[in-house]
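Before any comments, here is the structure.
The values are calculated or read from the model by the stated rules, or taken from the named source; none is laboratory data. Only a predicted model underlies this, so the values are computations on that prediction, with no experimental measurement involved. No Cβ is skipped: glycine too gets one built from the backbone with ideal geometry, and neighbour counts run over all protein chains shown.
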């Protein structure tokens, strides 16, 4: 690539810098918090309560060490591309492509399932509403909110996140008096009261459900260019965010499992209201409040992930990995409006194709959630490899925050991610093959559009990082 082939410069001032530490914490927790409300209880169906505790603790350790390590990358290279930028500096364009494509799969493919959950929830309250129309309407509302301005979007995210946390705390307080260890322990090892080797496959099969507790927290990295002081605020937001989520996940999981017959909660989308029903009955005001305010958990994650995918699309387009037009920034709102709309169109198409396209007997959205997890784990692996490579080859790179207990923490995160990937491939071979196929199709586009990257605006931040 010739140094004078680039057209223009990236000044990293296109996006408005307005986000505070508290708003970033709200984004970090809000991105994930729907996973505290639904999805995780399917892990009980494969591993049992005690088996799933093992899985959840393993995944929690992986995420804790990952976030403490990933924060070093985020503060060293505070770029809207997040993992794409770190891998580009560490491994060059191909590394940037792999990380960017994996992150895009994670963040574009997760929202359709959440929006359909919003639609299904409102359909229960208002049976005349079509869940798919509600899901598409949710996209329209929250894409608009993201386009109007990041400060407004982040403030709204903080508000709904606090409401969602409040409701989880209410759930735990109301259910705690009826908690019984006998309920929680009964059949806790995949249906058996005593651990045996027969429980081990279920523990591994439950990994994607445990990941659902924490999936997408790394999306805060993609708001780095909109943070007022990313080198100080992002570490605080990330660390406080992951601690918040681990505490909520363990509390919700334990108390729901001890409320009654956990086997009846293992394969449903609303385990918390059903667990509370064991304690307070069908007509309690607490139950009705949980059902209504539970919607805020879904909204917080849905809205936050839209912010994440839009910044990833924007950064990839700005660097020439996607069509240039997707890097446009709205003149009045200073937000990447076309990137917001592009990801939304993919999501809405998935919503209305849900019943038409089935893979392995499951609906499209059920499968793309699994594909989203494949994208996330791929990104975790290449991010940790990037951290090791940048430490070795760029020792003088400014690092406002350094991963504690290096190299132990990133090594634990990397090994944990590889174990998760192996288990996911074993239990979801077809979906993994489709995921790899998508990456290969994207790689063909990557090779065919080298000229786009040669003439893309010169990114001083990435060039300086590579030069150190």
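Would you pick out the residues in region 203-250 that are over 17 Å from residue 63 (Cα atoms) and surrounded by fewer than 18 Cβ atoms within 10 Å (Cβ to Cβ)?
Scanning region 203-250 gives 228, 229, 231, 232.
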- request: Return yes or no: is residue 113 buried (at least 23 other Cβ atoms within 10 Å of the Cβ), in contact with a helix residue (DSSP H, G or I) (Cβ under 6 Å, 6 or more places away or on another chain) and at pLDDT 95 or above?
  value: no
task: Answer yes or no as to whether residue 210 is assigned to a helix (DSSP H, G or I), modelled with pLDDT of 90 or more and under 25 Å from residue 375 (Cα atoms).
output: yes
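Got at least one residue in region 393-400 being at negative phi and part of a helix (DSSP H, G or I)?
Within region 393-400 (the criterion being at negative phi and part of a helix (DSSP H, G or I)), the answer is yes, since at least one residue qualifies.
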- prompt: Among the listed residues 200, 291, which satisfies the condition of being over 26 Å from the mean Cα position of the chain (by Cα) and surrounded by fewer than 19 Cβ atoms within 10 Å (Cβ to Cβ)?
  reply: 200
- prompt: How about region 328-339: which of its residues are over 25 Å from residue 448 (Cα atoms) and part of a helix (DSSP H, G or I)?
  reply: 337
field: Scope region 396-422; condition farther than 20 Å from residue 235 by Cβ and at pLDDT below 95; matching residues
entry: 396
- request: Please give the number of the condition residue 325 fails out of (1) part of a helix (DSSP H, G or I); (2) surrounded by 15 or more Cβ atoms within 10 Å (Cβ to Cβ); (3) in contact with a helix residue (DSSP H, G or I) (Cβ under 7 Å, 6 or more places away or on another chain); (4) without any contact (Cβ under 8 Å) to a residue 60 or more places away in the chain.
  value: (2)
query: Which of the residues spanning region 420-438 are surrounded by fewer than 16 Cβ atoms within 10 Å (Cβ to Cβ) and free of Cβ contacts under 8 Å to residues at least 24 places away in the same chain?
result: 422, 429, 433, 436, 437
Where residue 299 falls short, out of the listed (1) under 26 Å from residue 453 (Cβ atoms); (2) in contact (Cβ under 8 Å) with a residue 12 or more places away in the chain; (3) within 24 Å of the chain's Cα centre (by Cα): (1)
- request: Sort through 378, 370, 363 and tell me the only one that's at pLDDT below 90 and in contact with a helix residue (DSSP H, G or I) (Cβ under 6 Å, 6 or more places away or on another chain).
  value: 370
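Quick one: is residue 157 over 20 Å from the mean Cα position of the chain (by Cα) and either surrounded by 21 or more Cβ atoms within 10 Å (Cβ to Cβ) or under 30 Å from residue 280 (Cβ atoms) (or both)?
Working: over 20 Å from the mean Cα position of the chain (by Cα): no; either surrounded by 21 or more Cβ atoms within 10 Å (Cβ to Cβ) or under 30 Å from residue 280 (Cβ atoms) (or both): yes.
So residue 157 fails the test.
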